[in-house]
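As structure tokens, the structure follows; a few thoughts come after it.
The values are calculated or read from the model by the stated rules, or taken from the named source; none is laboratory data. Only a predicted model underlies this, so the values are computations on that prediction, with no experimental measurement involved. Here Cβ is always computed from backbone atoms with ideal geometry, including for glycine, and neighbour counts include all displayed protein chains. These area figures cover heavy atoms from the full protein model, side chains too; ligands, DNA and RNA do not enter into them. Shrake-Rupley method; radii C 1.70, N 1.55, O 1.52, S 1.80 Å.
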Amino acid sequence: MSGTVTKIDEMTLSGTKDGKITVTTVEEPYGPKSESVASIGISLQAGAEEPDWKVHIPKANIDAVIEALQEAKKAL
């Protein structure tokens, strides 16, 4: 990841002792002129340098992902 990372929010990962969910935006994540993305990172342990998992979501897909997550929440 090469672009500027801006932290939006961080929350505790339910079901873990020290895990966290971090939401950021990343400018030019894949090099110059690449589209900025929202990034969701999952860290299972406190103090991790990089998340154990992360997903990059382009702006054009954010609304659809939110809708899908709301449906998933209803199904749980």
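Figures for the structure shown
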read-out	value
Long-range amide H partners of Ser36 with built H, under 5 Å	Glu28
Carbon/sulfur fraction of accessible area - the chain, other protein chains in place, 1.4 Å, %	55 percent
Fully extended contour minus Cα-Cα distance, from Val55 to Thr16, at 0.36 nm per residue	12.1 nm
Accessible solvent surface per residue of the chain, calculated while the other protein chains remain in place, 1.4 angstrom probe, Å²	76 Å²
Rg(Cα)/(2.2 N^0.38 Å) for the chain, N = residue count	1.19
Dipole-positive endmost among Ile62, Thr6, Gly31 within the chain (Cβ charges, Cα centre)	Ile62
Which of Leu44, Leu13 is most accessible, then next, and so on - probe 1.4 Å	Leu44, Leu13
Computed label-point distance, nm, for sites Ile62 and Val23 using a 7 Å Cα→Cβ extension	0.9 nm
Pairs of lysines in the chain (C-alpha under 20 Å apart; 8 or more residues apart or interchain)	8
For the chain, size of Cβ-based charge dipole, Lys and Arg +1, Asp and Glu -1, in debye	160 debye
